[in-house]
Ligand code: NAD
Ligand code: UDP
């Protein structure tokens, strides 16, 4: 294990953030979790609050933050289309002002900073699978643009700080990730389908269900994040982080029905605007630089996630 560090995780009580905080504590670090609880609740980190090396701070990253840490993971930003479109101006501020504030902090302290970027920087991709060298196909004024362009601007900021101030940055482009602690009402496809199946409600497929996504189990993704942060300072990315297995949304629905034993019917609803038709990461770079690739199959990950949602619904 590397020496104990004090590590800031913004968005630390969210889905990915809460798993990251737990993993960093397991590795013996101190964790400062900063969140404004816009798209999460404290419940996600409730189990960590008894740990003396864990500290939770309510703070909005669109405002400056003055703390002393050895490394920063910048995850603060709503990630589901429902949440990030709910207040699109705030989403842009979180992406852009949040990045400026956290980069300013990293610059003052001279510490490495990871940015949770996204496959959405590729938009509705015309190149498949997506490599990091692809510049993307994004509608700059559509309903998803607050998030897509916000994250693209954040990447631009990270690389500007790197060039201008030699800041050690790590830009990770995360593809659809799922697992326990996803917000039950955030509208993402995996949580929606599992909850609908467990409740015996119709499974809502948007469009004809032929659009594809590549789903990464959360434990694999967190391992990738931590290995990325431990790379030499000159390795900046951008680097794709995800599982290259590609499935149609209809296939996903069928798997969820099979694994839950549900009798839910499939119903078809209109496809939201600018919904990407296909998405699959080329993870050659992560394999080469981190010796990393996902270990959890979609079937295995879905079964674990279903067990978690079963417990949540039982307690509700
Ligand atoms: P999430 O919504 O569960 O977590 C985001 C967290 O950020 C929440 O706890 C939220 O309250 C917090 N937050 C939002 N705005 C904030 C602000 N202004 N100040 C402080 N905290 C704020 O989403 P997630 O899935 O855990 O995503 C985490 C990060 O990873 C996000 O930056 C997201 O864009 C990125 N990402 C996630 C996925 C995925 O599939 N989960 C894919 C691509 C990128
Ligand atoms: N989707 C769906 N039914 C749902 C929720 C989502 O068919 O109840 C589709 C959505 O249109 C998209 C895919 O599933 O094509 C992934 O959606 P999600 O919101 O999880 O993530 P993103 O579109 O950002 O990849």
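Here the stretch 177-186 is the region considered, the condition is being closer than 14 Å to residue 313 by Cβ and more than 8 Å from ligand 1 (Cβ to nearest atom), and the residue that is surrounded by the most Cβ atoms within 10 Å (Cβ to Cβ) is 180.
Every residue, every condition in (1) farther than 14 Å from residue 181 by Cβ; (2) surrounded by fewer than 24 Cβ atoms within 10 Å (Cβ to Cβ); (3) in contact with a strand residue (DSSP E or B) (Cβ under 9 Å, 6 or more places away or on another chain), yes or no:
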| site | (1), (2), (3) |
| --- | --- |
| 3 | yes, yes, no |
| 15 | no, no, yes |
| 18 | no, no, yes |
| 24 | yes, no, yes |
| 28 | yes, yes, no |
| 33 | no, no, yes |
| 38 | yes, yes, no |
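Counting only residues that are within 8 Å of ligand 2 (Cβ to nearest atom) and modelled with pLDDT under 95, the stretch 170-186 holds 0 of them.
The set of residues in the stretch 63-87 that are away from ligand 1 (no atom under 12 Å from the Cβ), within 18 Å of the chain's Cα centre (by Cα) and outside any strand (DSSP E or B) contains only 85. On inspection, residue 303 does not qualify as modelled with pLDDT of 95 or more, in contact with a strand residue (DSSP E or B) (Cβ under 8 Å, 6 or more places away or on another chain) and surrounded by 13 or more Cβ atoms within 10 Å (Cβ to Cβ). Screening the candidates 25, 20, 8 for the property of being more than 10 Å from ligand 1 (Cβ to nearest atom), outside any loop (DSSP other than H, G, I, E, B) and touching a residue at least 40 places away in the same chain (Cβ under 8 Å) yields one hit, 8. Would you check which residues across the stretch 47-62 are in a helix (DSSP H, G or I) and either over 21 Å from the mean Cα position of the chain (by Cα) or under 13 Å from residue 35 (Cβ atoms) (or both) and list them? Once the filter is applied, which keeps residues that are in a helix (DSSP H, G or I) and either over 21 Å from the mean Cα position of the chain (by Cα) or under 13 Å from residue 35 (Cβ atoms) (or both), the stretch 47-62 yields only 48. Before we move on, is residue 167 touching a residue at least 12 places away in the same chain (Cβ under 8 Å), assigned to a loop (DSSP other than H, G, I, E, B) and surrounded by fewer than 22 Cβ atoms within 10 Å (Cβ to Cβ)? Yes, satisfied. Between 222, 249, the distinction of being within 16 Å of ligand 1 (Cβ to nearest atom) and within 25 Å of residue 271 (Cα to Cα) belongs to 249 only. For the stretch 126-143, the count of residues that are closer than 27 Å to residue 220 by Cα and within 11 Å of ligand 2 (Cβ to nearest atom) is zero.
Which members of the stretch 133-156 meet the condition of being buried (at least 19 other Cβ atoms within 10 Å of the Cβ) and in contact with a helix residue (DSSP H, G or I) (Cβ under 6 Å, 6 or more places away or on another chain)? Within the stretch 133-156, 138, 146, 147, 148, 150, 151, 152, 154 meet the criteria. Mind checking whether some residue in the stretch 297-311 is more than 16 Å from ligand 1 (Cβ to nearest atom), assigned to a loop (DSSP other than H, G, I, E, B) and closer than 16 Å to residue 177 by Cα? Yes, the stretch 297-311 contains a residue that is more than 16 Å from ligand 1 (Cβ to nearest atom), assigned to a loop (DSSP other than H, G, I, E, B) and closer than 16 Å to residue 177 by Cα. Residue-level check: of (1) part of a helix (DSSP H, G or I); (2) surrounded by fewer than 20 Cβ atoms within 10 Å (Cβ to Cβ); (3) touching a residue at least 60 places away in the same chain (Cβ under 8 Å), residue 108 misses just (3). Of all residues in the stretch 113-128, those satisfying the criterion of being surrounded by 19 or more Cβ atoms within 10 Å (Cβ to Cβ) and assigned to a loop (DSSP other than H, G, I, E, B) are 124, 125.
Between 75, 56, 65, the distinction of being over 29 Å from residue 184 (Cα atoms) and touching a residue at least 40 places away in the same chain (Cβ under 8 Å) belongs to 65 only.
The values are calculated or read from the model by the stated rules, or taken from the named source; none is laboratory data. Predicted model only: the values in this text are computed from it and were never measured. Virtual Cβ from ideal backbone geometry, glycine too; neighbours counted across all protein chains shown.
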